[in-house]
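Any read-out appearing in this document is the output of simple, stated calculations on the displayed coordinates, not a laboratory observation. None of the values given here were measured: they were computed from a predicted structure. Counting neighbours? That spans all protein chains shown, and the Cβs are built from the backbone with ideal geometry, glycine included.
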Amino acid sequence: MAQTTAARFVGQRLPRKEDKRLLTGRGSYVADVSLPGMVELAFVRSQVARGKIRGIDIEAARAYPGVRAVLSAKDLDSLGAKCQILHGGMAPAPHVDLLARDNVRYVGEPIVMVIADSRYIAEDAAGLVFVDCTMEDPVITIDDARDGPPVHPDFPTNVADRNAPPENPALEAAFASAAHVVEATIRHQRQAHVPMETRGVVAARQGVDELLVHLACQSPHLSAHLLANTFNLPQANIRVIAKDVGGAFGLKVQPWREELCAVAAALLLNRPVKWIEDRMENLTSAGQAREQEIHCRLALDANARLLAADYDYACNIGAFPQGVDTNFLVEMFLPGPYHLPLYRCRNVNYYSNTVGQAAYRGPWAMESLARETMMELAARQIGITPEELRRRNLITAADQPFSMVTGAVIDRVTPRECFEAILEKVDMATFRVEQAEARKAGRYLGIGFSVYIEPTTMGFGVLSSEFAHIRVDPTGAIIANMGTHSQGHGTATTMAQVIADELGVEYDRVTVHEDDSSRGAFGAGAGGSRQAVAGGGAAIKASALLAAKIKTIAGHMLNANPEMISMQGGRITVEGEPEVSTTLERIAATAYADPDRLPPGMEPGLEAQYRFRSPMFVFSNAAHACICEVDGETGITRVLRWIAAEDCGVMINPSIVEGQIAGGVVQAIGGVLSEEISYDAMGNPTAVTFKDYVIPSAHDVPQIEYIHLVTPSTSDGGFKGVGEGGAIVGPPALVNAVADALAPFGGRCYDLPLTPSRLLAIIDGGEG
């Protein structure tokens with residue numbers, strides 16, 4: 001057990017406040033919520049990817065014992081509700097009904113909801129609903145979407161949004177004169193989020209005009225805001241509670257069709273309604289991500305220095321994505337931490353008759369996969385090592401602040417230093433000897449690297465600011481109401497560490513609340529690795545205001561200058577006069593119960609709040625190395641070693657930092673080697689259980705080796721953020737390791753996932 005009375009808590013590996021509750025089975029998830037009179041919900045979903053609804057027969061289901069209601073789209077009309085597609089592009093977004101009305105756009109689209117006394121009854125009755133639906137030829141893949149009929153007939157094409165920069169003669173001239181031109185197409189498969197806890201909601205009216213919603217979400221405040229807009233209700237009348245959330249990864253950034261349907265049913269039936277997504281629903285109907293392809297060209301001079309890069313990026317965003325834009329972060333950060341004089345990126349997103357896209361941990365991660373795999377391909381084509389190619393092109397501390405060719409300015413990052421740190425740990429000369437000996441014995445070892453910068457914080461739109469309200473109650477306990485929210489991030493721990501430091505109190509004395517939209521002011525919660533920077537900044541500023549008030553009161557009570565007051569371990573002393581002291585409890589008791597003893601004009605109580613304006617971007621960075629072995633007979637890839645060198649600024653809790661990196665690395669391994677949401681030609685999902693959608697097990701993940709570099713950011717506390725890390729920088733490291741292992745066969749390993757069958761095709765002489 002780590003000490004909880006250290007002089008400084010930021011930087012300490014303190015035990016997480018949440019863990020005892022979670023590890024002893026006392027967590028509180030949506031599935032644990034039960035309200036008096038509660039009924040449960042099941043959906044009747046589309047069995048075809050594209051078609052017209054000619055009729056719905058619900059009579060048998062409605063007559064089934066225990067069924068309380070059977071609702072279709074027309075039954076919800078009185079609420080005037082619809083999903084809100086977040087929109088950052090130029091083209092209009094499609095209208096989304098909560099339940100399909102006249103047409104269906106993907107297999108699994110909700111058409112009817114059955115509400116019954118139990119989920120079992122609701123499921124049985126849902127099987128009695130008959131939907132008469134004509135089948136039409138669907139649009140499934142990116143290639144289908146380019147030339148196929150519009151998924152949404154109101155739109156002329158399937159292009160959801162496009163960015164097509166003009167021709168650049170200087171860029172074309174650079175390619176024409178380049179000593180080396182490297183070209184490849186990289187394809188990333190579609191993935192599911194597969195959180196431990198699937199989506200879930202319990203909604204209930206409270207009195208006449210208030211609504212209580214227990215929701216698995218990434219921000220109770222943001223969810224309450226979206227629910228208010230969806231149902232045209234005052235936000236003050238909506239209370240969203242999200243206690244423990246078992247993973248989100250972007251899927252739960254906003255309530256979507258099914259959660260909104262449960263809320264609608266609660267409003268219409270005037271009784272609590274519960275819906276918990278089962279795993280098959282999660283794999284077939286929840287938002288999906290990552291179906292992308294990018295055609296890449298790099299131009300390099302005779303000294304292997306980058307001259308220009310040209311990219312064509314396309315993404316399949318499904319029928320009803322949670323957001324529509326060109327994924328501008330892919331375009332903005334494709335150049336990465338490298339010197340790149342000339343650059344162009346054309347982006348296009350397509351609608352299709354598949355499940356809509358939702359954000360997934362590092363939604364812009366394709367930029368690192370494309371860039372880092374191309375760097376190693378370029379090294380092999382030119383005939384130098386990947387290490388040397390990166391050394392010739394990576395920016396250094398002397399180059400910073402550095403303005404990328406896309407206009408973003410990066411500063412206080414250490415990509416070169418992180419890269420050198422992992423090289424020192426690997427010992428490349430020894431590995432190459434081992435690799436050569438293994439090949440003689442028919443074993444195929446490979447090593448891959450990746451280097452990246454990550455734009456954390458995302459300080460725009462609803463993410464622009466974060467809130468903290470901190471008070472010392474009359475007993476001396478510190479209570480913080482924060483706009484942060486944990487899905488495993490440990491923010492109740494890290495924010496307590498920050499506050500304890502700023503107030504000079506014990507870590508155990510601080511309690512952080514972040515699970516209830518009725519507490520505190522609006523906060524955007526989790527997303528974009530923002531919480532350390534935005535939440536930490538708000539905690540620091542609010543704590544500073546509160547500390548100033550405590551010192552003023554103490555100075556008044558002790559007849560001392562407030563600037564001479566010191567606070568440590570809950571004890572308040574006067575510098576140079578240690579015998580003159582008081583306690584935080586005594587200060588709090590005075591502030592609340594004896595206001596006449598306060599300085600003249602001071603407001604009673606002991607609390608402070610602050611809304612912190614986040615920087616637009618705070619840059620984190622890392623370099624990863626992966627060593628793997630590909631079995632020449634089975635095509636199975638085994639990851640042998642993983643080294644991560646990360647610079648996330650000042651670490652609040654190194655154990656939590658490493659946990660975030662490890663989680664991302666596990667997702668990287670699954671995304672590269674096995675996970676794939678696939679469809680047949682008619683749009684039927686073919687990976688509907690964990691037998692088909694293969695996620696990594698503990699046996700697939702090596703012991704991760706961590707190297708921490710600390711370069712403080714300019715934001716308060718010096719924090720940078722680390723949440724996306726391993727999920728963005730990890731995949732190209734593993735792809736490059738597999739490509740290095742199979743270099744003797746000459747195949748290109750750039751169509752993910754790198755399944756055994758695909759790798760065996762390369763080994764047997766195909767392209768994979």
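Here are the numbers for the structure shown:
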{"quantity": "Length-normalised contact order for the chain - Cα pairs under 8 Å, 6+ apart - percent", "calculated": "15 percent"}
{"quantity": "Net dipole in debye of segment 636-751 [+1 Lys, Arg Cβ; -1 Asp, Glu Cβ; about Cα centre; nearest 20]", "calculated": "200 debye"}
{"quantity": "Gyration tensor (alpha-carbon) shape descriptor, segment 1-88, a/c threshold 1.5", "calculated": "prolate"}
{"quantity": "Using distinct alpha-carbon pairs, which all enter the 1/r mean, Kirkwood radius of segment 501-563 in Å", "calculated": "13.9 Å"}
{"quantity": "Spin-label model distance (nm) - residue 655 vs residue 580, 7 Å beyond Cα toward Cβ", "calculated": "4.1 nm"}
{"quantity": "Label-to-label distance, nm, for residues given as residue 236 and residue 78 (7 Å Cα→Cβ offset)", "calculated": "2.7 nm"}
{"quantity": "Within the chain, longest stretch clear of exposed chymotrypsin sites (Phe, Trp or Tyr not before Pro) (DSSP loop, no more than 12 other Cβ within 10 Å)", "calculated": "1-459"}
{"quantity": "Centre separation in Å (Cα based) which lies between segment 442-458 and segment 684-700", "calculated": "23 Å"}
{"quantity": "Segment 429-514 - Rg (one decimal) and Dmax (whole number), Cα, Å", "calculated": "23.8, 74"}
{"quantity": "Ascending count of other beta-carbon atoms within 10 Å, so fewest first, for 18, 210", "calculated": "210, 18"}
{"quantity": "Whether segment 276-420 is rounded, prolate or oblate, judged on the alpha carbon gyration tensor where a/c under 1.5 counts as rounded", "calculated": "prolate"}
{"quantity": "Options 323, 377, 687, ranked by Cα towards positive dipole end of the chain, top entry (Cβ charges)", "calculated": "323"}
{"quantity": "Segment 460-613 - Debye-derived log10 I(q)/I(0), Cα point model, q = 0.17 Å⁻¹", "calculated": "-0.90"}
{"quantity": "Tensor-based shape of segment 71-110 (alpha-carbon gyration tensor, a/c under 1.5 rounded, otherwise prolate or oblate)", "calculated": "oblate"}
{"quantity": "Cβ charges +1 (Lys, Arg) and -1 (Asp, Glu), total dipole of segment 619-658, debye", "calculated": "60 debye"}
{"quantity": "Inter-site label distance for residue 563 and residue 460 at 7 Å from Cα along Cβ, in nm", "calculated": "4.3 nm"}
{"quantity": "Cα centroid of segment 612-655 to Cα centroid of segment 310-326, whole Å", "calculated": "26 Å"}
{"quantity": "Theoretical gain in end-to-end length, residue 518 to residue 210 [0.36 nm per residue, Cα-Cα removed]", "calculated": "109.7 nm"}
{"quantity": "Efficiency of FRET between residue 130 and residue 508 - r from beta-carbon atoms, R0 60 angstrom, step 0.05", "calculated": "0.50"}
{"quantity": "Proxy reagent accessibility, fewest Cβ within 10 Å first, across 74, 425, 549", "calculated": "74, 425, 549"}
{"quantity": "Among 187-199, 731-743, the order from most to least packed when residues are scored by Cβ within 10 Å on average", "calculated": "731-743, 187-199"}
{"quantity": "Ordering of 139-152, 53-66 by packing [mean C-beta count within 10 Å, highest first]", "calculated": "139-152, 53-66"}
{"quantity": "Contour minus Cα-Cα distance for residue 477 and residue 162 (0.36 nm per residue)", "calculated": "108.1 nm"}
{"quantity": "Segment 718-768 - Rg (one decimal) and Dmax (whole number), Cα, Å", "calculated": "14.5, 52"}
{"quantity": "Stretchable slack from residue 118 to residue 183, in nm (0.36 nm times residue separation minus alpha-carbon distance)", "calculated": "17.7 nm"}
{"quantity": "Over segment 251-323, volume per residue of the alpha carbon convex hull, in Å³", "calculated": "131 Å³"}
{"quantity": "Dipole of the chain [Lys/Arg +1, Asp/Glu -1 at C-beta], most positive-end residue of 303, 511, 736", "calculated": "511"}
{"quantity": "Size of segment 376-473 as Cα extents on the principal axes (Å, biggest first)", "calculated": "68, 40, 24"}
{"quantity": "Unit charges on C-beta of K, R, D, E only; dipole of the chain, Debye", "calculated": "640 debye"}
{"quantity": "Cα-based Rg and Dmax for the chain, where Dmax is the largest Cα-Cα distance (Å)", "calculated": "27.8, 87"}
{"quantity": "For segment 460-613, with +1 on Lys and Arg beta carbons and -1 on Asp and Glu, the positive-most of 496, 533, 469 along the dipole", "calculated": "533"}
